[in-house]
Every structure is written in structure tokens, then in C-alpha cells.
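The values are calculated or read from the model by the stated rules, or taken from the named source; none is laboratory data. The structure displayed is predicted, hence computed values, not measured ones. Virtual Cβ from ideal backbone geometry, glycine too; neighbours counted across all protein chains shown.
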Amino acid sequence: MGKTILITEDDTSNIKYFNELLEDSMANILIAKTGTEAITFVKENKNIDIVLMDIQLPDMTGYETTKRIKEIRKDLPVIAQTANAMHDDKQKALNAGCDAYISKPINSEMLYSLINKLLG
């Protein structure tokens, strides 16, 4: 893959899981544990190709973080991901500017498929 993926996730076990899922992809992995960190990464690193966005973050929601990221880089694909999938979460994520939505536990084939689809 050779891309740069920003994982926005505050749960250490989920971060480890994403690293394991993506280690064979040859992607450069960046980790943000808060929405504020994710926004800073996007401002300072133009090489980020895609963002995996947890919806429940300690400082702001993934929806708010996505809105702010899209103000900086409208073209940056964002995949929302959450463990506590509620009925309207997918629509909220899409309304916030997310390009796709995936529920935890993450299916690796589905994740790779979404990443490849969004990166063209």
C-alpha cells in the first residue's frame, strides 16, 4: 500500500489491533489519541492519505473532529469507526463529512476494501 494512515483512536488495545491489521500493508501509521491531536497531524502533515476516525474520543466527538479536518483538507478520506454502533451513527458520520463507516470489531477484508476504494 505504501500510504500514510492516521488512526484516531484513544483505546490502546484498538490501536494495537489496527497496527496488527495494517502491518502487512507497508503503510506509514500515525496515531492520534484525541481529536485535537488528529487535527494537528492533518495541519502539519500533508502526506496523510486517509484517516480512521473513532467516534468516541476524550476531547471531542469523531464527528466534530471530522468536520474540522474537512475544513483543512476537504479531499482527505475519513472512515468512521465505532464499537457502540447506534442506528443513526452511520448517517451522523456521513453528515459530518466521513466518506465511509465501519463497525467494530473491524473485519480486515472490509477495512482493506474501504481503504482501497477511497484511495482509488
Picking from THR8, THR34, THR65, the residue that is among the hydroxyl-bearing types (Ser, Thr, Tyr), in contact with a strand residue (DSSP E or B) (Cβ under 6 Å, 6 or more places away or on another chain) and modelled with pLDDT of 95 or more would be THR8
Filtering segment 10-19 down to residues that are in contact (Cβ under 8 Å) with a residue 60 or more places away in the chain and under 13 Å from the mean Cα position of the chain (by Cα) yields ASN14, PHE18
Selection from segment 84-115 of residues in contact (Cβ under 8 Å) with a residue 24 or more places away in the chain and either closer than 15 Å to ILE48 by Cα or among the aliphatic types (A, V, I, L, M) (or both) yields ALA93, ALA96, ILE106, LEU111, LEU114, ILE115
Of the residues in segment 38-55, those that are without any contact (Cβ under 8 Å) to a residue 40 or more places away in the chain and either within 21 Å of ILE115 (Cβ to Cβ) or not charged (D, E, K, R) (or both) number 7
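For (1) under 14 Å from ILE5 (Cα atoms); (2) surrounded by fewer than 18 Cβ atoms within 10 Å (Cβ to Cβ), each residue gets a yes or a no:
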position: GLU20; (1), (2): yes, yes
position: THR40; (1), (2): no, yes
position: ILE50; (1), (2): yes, no
position: MET53; (1), (2): yes, no
position: GLU71; (1), (2): no, yes
position: ASP88; (1), (2): no, yes
position: ALA93; (1), (2): no, no
position: ALA100; (1), (2): no, no
position: PRO105; (1), (2): no, yes
Among (1) among the hydrophobic types (A, V, I, L, M, F, W, C); (2) surrounded by fewer than 12 Cβ atoms within 10 Å (Cβ to Cβ); (3) under 14 Å from the mean Cα position of the chain (by Cα), LEU6 falls short only on (2)
A careful count of residues in segment 98-109 that are under 18 Å from GLY35 (Cα atoms), part of a loop (DSSP other than H, G, I, E, B) and in contact with a Leu (Cβ under 9 Å, 6 or more places away or on another chain) gives 1
The condition from (1) within 13 Å of LEU118 (Cα to Cα); (2) in contact with a Ser or Thr (Cβ under 6 Å, 6 or more places away or on another chain) that GLY97 misses is numbered (1)
Contact list, first residue from segment 61-82 and under 23 Å from SER113 (Cα atoms), second anywhere and in a helix (DSSP H, G or I) and among the acidic types (Asp, Glu), beta-carbon distance below 9 Å, six or more apart or interchain, is ALA80/ASP89; THR82/ASP89
